[in-house]
Amino acid sequence: MLQCRIPMRQAVHHWRIQRLTAIMLIPLCLWFIFTLAGMTNMCHAVVSAWIKAPLNSLMLIVLVIALFYHAHLGLQVVIEDYIGNEKLRNCAILVSLIVMAGAGLISGLAVLKITLGL
């Protein structure tokens, strides 16, 4: 008989958050792709000026947070499905969280650094 590793309440919450971030990413990614595709000159100065606009920097930070959080949630599901050893599974989930949080933090700080002109 199969045992449920995580309580049903947590699983439902995880599922809902994963769907919410997926829905958030659709317009954010479309905005990002079409905005960059519309730029005729992709030199450093033009892109930096684009990032410095308050709305663009805010949207980029929200995109980065949603993207890396969604990636962590997806990796967590894959890890839970394919790693049977509980200690190894928990370690892999922790590593995934650290890597995704670190990458998201670095990306968000890069946007803030450009925005604030540091």
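So, in the stretch 14-40, exactly how many residues are open to solvent by 50 Å² or more (accessible area, probe 1.4 Å), assigned to a helix (DSSP H, G or I) and without any contact (Cβ under 8 Å) to a residue 24 or more places away in the chain?
11
Anything in the stretch 78-118 that is open to solvent by less than 100 Å² (accessible area, probe 1.4 Å) and outside any helix (DSSP H, G or I)? List them, or say none.
Ile83, Gly84, Asn85, Gly117
When you check Ile79 against the structure, is it modelled with pLDDT of 95 or more and farther than 22 Å from Ile23 by Cβ, yes or no?
The answer is no for Ile79.
Taking Ile65 as the residue in question, decide whether it is within 22 Å of Leu112 (Cα to Cα), open to solvent by 80 Å² or more (accessible area, probe 1.4 Å) and not in a loop (DSSP other than H, G, I, E, B).
On the way: within 22 Å of Leu112 (Cα to Cα): yes; open to solvent by 80 Å² or more (accessible area, probe 1.4 Å): yes; not in a loop (DSSP other than H, G, I, E, B): yes.
It is true that Ile65 is within 22 Å of Leu112 (Cα to Cα), open to solvent by 80 Å² or more (accessible area, probe 1.4 Å) and not in a loop (DSSP other than H, G, I, E, B).
Determine, yes or no, whether Ser57 is exposed (fewer than 13 other Cβ atoms within 10 Å of the Cβ) and touching a helix residue (DSSP H, G or I) at 6+ places or on another chain (Cβ under 6 Å).
Numbers: exposed (fewer than 13 other Cβ atoms within 10 Å of the Cβ): no; touching a helix residue (DSSP H, G or I) at 6+ places or on another chain (Cβ under 6 Å): yes.
Here the answer is no, as Ser57 does not meet what is asked.
Applying the selection to the stretch 72-105, what residues are of a type in the set (A, V, I, L, M), under 12 Å from the mean Cα position of the chain (by Cα) and within 30 Å of Ser48 (Cβ to Cβ)? Step through it out loud before you land on a result.
Taking the stretch 72-105 as the starting set, the residues that turn out to be of a type in the set (A, V, I, L, M) are 73, 75, 77-79, 83, 88, 92-95, 97-101, 103, 105.
So of that shortlist, the ones also under 12 Å from the mean Cα position of the chain (by Cα) come out as 73, 75, 97, 99-101, 103, 105.
Answer for the stretch 72-105, where residues must be of a type in the set (A, V, I, L, M), under 12 Å from the mean Cα position of the chain (by Cα) and within 30 Å of Ser48 (Cβ to Cβ): Val99, Met100, Ala101, Ala103, Leu105.
The values are calculated or read from the model by the stated rules, or taken from the named source; none is laboratory data. A quick note: this is a predicted structure, and the numbers were derived from the prediction, not measured. Please note: Cβ atoms are built from the backbone with ideal geometry, for glycine as well, and neighbour counts cover all protein chains shown. The protein model used for the area step is the full one, side chains on, heavy atoms only, and it has no ligands, DNA or RNA in it. Shrake-Rupley method; radii C 1.70, N 1.55, O 1.52, S 1.80 Å.
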